[in-house]
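Below is one structure; the comments refer to it alone.
The values are calculated or read from the model by the stated rules, or taken from the named source; none is laboratory data. Everything numeric in this text was worked out from a predicted model, so none of it was measured. Methodologically, a virtual Cβ is constructed for each residue, glycine included, from the backbone with ideal geometry; neighbour enumeration extends over all protein chains shown.
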Amino acid sequence: MAEHTDAVIEIRDVSKLFGPVAAVDGVSFGIIRGEFFSLLGPSGCGKTTLLRMLAGFEQPSRGEILIDSQPMAGVPANKRPTNMVFQSYAIFPHLNVEENVGYGLRNRKLGKDETRSRVVAALDLVKLSGYGKRGAHQLSGGQRQRVALARALVCRPKVLLLDEPLGALDKKLREEMQLELRQLQRNVGITFVFVTHDQEEALTLSDRIAVMSSGKVLQIARSDDLYENPNCREVAEFIGNMNLFEGKVAAVAQGNVTIATAAGTFTVPHVAPIGAGNAVHLAIRPEKLALSADKPAPGLNAVKGRVIAQTYLGDRRQFLTQIDGMAKPLAISRQISGAESPISTDSDVWVTWPPQLGRLLTS
Ligand SMILES: Nc1ncnc2c1ncn2[C@@H]1O[C@H](COP(=O)(O)OP(=O)(O)O)[C@@H](O)[C@H]1O
Ligand SMILES: [Mg+2]
């Protein structure tokens, strides 16, 4: 196994069984010091269980977790260099903001002045300077979550574990808090491990994302790489919108794979080792497809269809185009610049894309 000298967390073949259910199933990866790392996946895929094992609230059934090169087996939660922030605002209702934030420091033998200056600095970090004397009940949801963050940060953990911390906030506030959280993480330089089921949130915030499904990690990559180069259908469909053509490899030549599908024959860049006859999918994002009434230029993948619906989305227009031989219509997203020629619903169109924009998925 390659040594990651800058890995602050190493997860080695970790599983967690609850009776017969593997909530986490043979997961291995490292988290780099100082990065904003997200665990992303649908509800029930094992994100919280994995996070709780990092925190020390659960023990792995199998495998090993190292933090700062130290094996964590037998190390209780309060002796780990981690702190956790939960979705629900886990702050004490009977304490004011300052007391809440200082709570985590009470067992450390810090002087009064040191405690005070740390609390002030933590409140400043989360933009709550001046709120120290407020009661918990006098705070909005966003402010309470800031208090929870400050309370975790005041202990100066090496790793902050966040379990859907913005999940209870409404959309507008959540987006504001996302920006703040990212800024905060950059400022403090602490490694964040962030759990979310919201792919947009993960794409916005993260340096890297682990996409999880049924207790397993499907892919770990940077946001842009995950979007541009998903390694399987499940990731392709979970991150953003994706059109998929099911087909068989017809030929492999000169860095290109030709795929025969029910909608026609298309070419796609060659990546994974693959042979003729293999069942595959060609994946293409809606914004990489072009629509035109005119016959396409040679060299493009092209398929004929009929526009069955279109939706105005302010900055872009989304078209659904029915293709002969395909069960699902293709989604095509077009930026609205004002210069494009209108396309009416029910009209016949060509859908085209340069071969290099498609992706070959073998699983
Ligand atoms: N304490 C537990 N006892 C039994 N099953 C659990 C327990 N905690 C989680 N699970 C199960 O493990 C799976 C993963 O749960 P969880 O880690 O909470 O997923 P996520 O956070 O991704 O929604 C689910 O099937 C869940 O029901
Ligand atoms: Mg969860």
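Picking from 52, 62, which residue would you name as being more than 16 Å from ligand 2 (Cβ to nearest atom) and closer than 22 Å to residue 213 by Cβ?
Numbers: 52 fails: more than 16 Å from ligand 2 (Cβ to nearest atom).
Of 52, 62, the one residue that is more than 16 Å from ligand 2 (Cβ to nearest atom) and closer than 22 Å to residue 213 by Cβ is 62.
Quick check, is residue 175 in contact with a helix residue (DSSP H, G or I) (Cβ under 9 Å, 6 or more places away or on another chain), surrounded by fewer than 20 Cβ atoms within 10 Å (Cβ to Cβ) and acidic (Asp, Glu)?
Working: in contact with a helix residue (DSSP H, G or I) (Cβ under 9 Å, 6 or more places away or on another chain): yes; surrounded by fewer than 20 Cβ atoms within 10 Å (Cβ to Cβ): yes; acidic (Asp, Glu): yes.
Yes: the conditions hold for residue 175.
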*Given the conditions (1) outside any strand (DSSP E or B); (2) under 28 Å from the mean Cα position of the chain (by Cα); (3) under 20 Å from residue 185 (Cα atoms), which single one is not true for residue 129?*
(2)
*Here are some conditions: (1) surrounded by fewer than 17 Cβ atoms within 10 Å (Cβ to Cβ); (2) assigned to a loop (DSSP other than H, G, I, E, B); (3) more than 13 Å from the chain's Cα centre (by Cα). Residue 240 meets all but one. Which one does it not meet?*
(3)
_Output for region 277-311, where each listed residue is free of Cβ contacts under 8 Å to residues at least 24 places away in the same chain and closer than 20 Å to residue 337 by Cα_ = 311
*Does any residue of region 289-298 turn out to be crowded, with 19+ Cβ neighbours inside 10 Å and more than 30 Å from residue 218 (Cβ to Cβ)?*
yes
*Qualifying residues in region 189-201 (those that are within 10 Å of the chain's Cα centre (by Cα), surrounded by 18 or more Cβ atoms within 10 Å (Cβ to Cβ) and closer than 13 Å to residue 47 by Cα) - the one farthest from ligand 2 (Cβ to nearest atom)*: 194
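Among the residues of region 260-287, which ones are over 21 Å from residue 235 (Cα atoms) and either at pLDDT below 95 or not hydroxyl-bearing (Ser, Thr, Tyr) (or both)? Give the steps one after another, and end with the answer.
Pass one, region 260-287, residues over 21 Å from residue 235 (Cα atoms): 260-267, 275-277.
Within region 260-287, 260, 262, 263, 264, 266, 275, 276, 277 meet the criteria.
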*Mind checking which residues of region 161-178 are within 16 Å of ligand 1 (Cβ to nearest atom) and not in a loop (DSSP other than H, G, I, E, B)?*
161, 162, 163
*Sort out which residues of region 59-106 are within 16 Å of ligand 1 (Cβ to nearest atom), surrounded by 21 or more Cβ atoms within 10 Å (Cβ to Cβ) and not in a strand (DSSP E or B), and write them in order of number.*
60
*asked:* Quick check on residue 69: is it within 16 Å of residue 153 (Cα to Cα) and hydroxyl-bearing (Ser, Thr, Tyr)?
replied: no
*When residues of region 3-48 are filtered for being surrounded by 17 or more Cβ atoms within 10 Å (Cβ to Cβ) and of a type in the set (Phe, Trp, Tyr), how many remain?*
2
*Among (1) farther than 30 Å from residue 50 by Cβ; (2) in contact (Cβ under 8 Å) with a residue 40 or more places away in the chain; (3) among the β-branched types (Val, Ile, Thr) - the single one residue 82 does not satisfy*: (1)
*Considering every residue within region 41-58, establish whether at least one is within 16 Å of ligand 1 (Cβ to nearest atom), closer than 26 Å to residue 230 by Cβ and assigned to a strand (DSSP E or B).*
no
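Checking the structure you have, find out if any residue of region 30-48 is over 20 Å from the mean Cα position of the chain (by Cα) and away from ligand 2 (no atom under 16 Å from the Cβ).
So far as region 30-48 goes, no, none of its residues is over 20 Å from the mean Cα position of the chain (by Cα) and away from ligand 2 (no atom under 16 Å from the Cβ).
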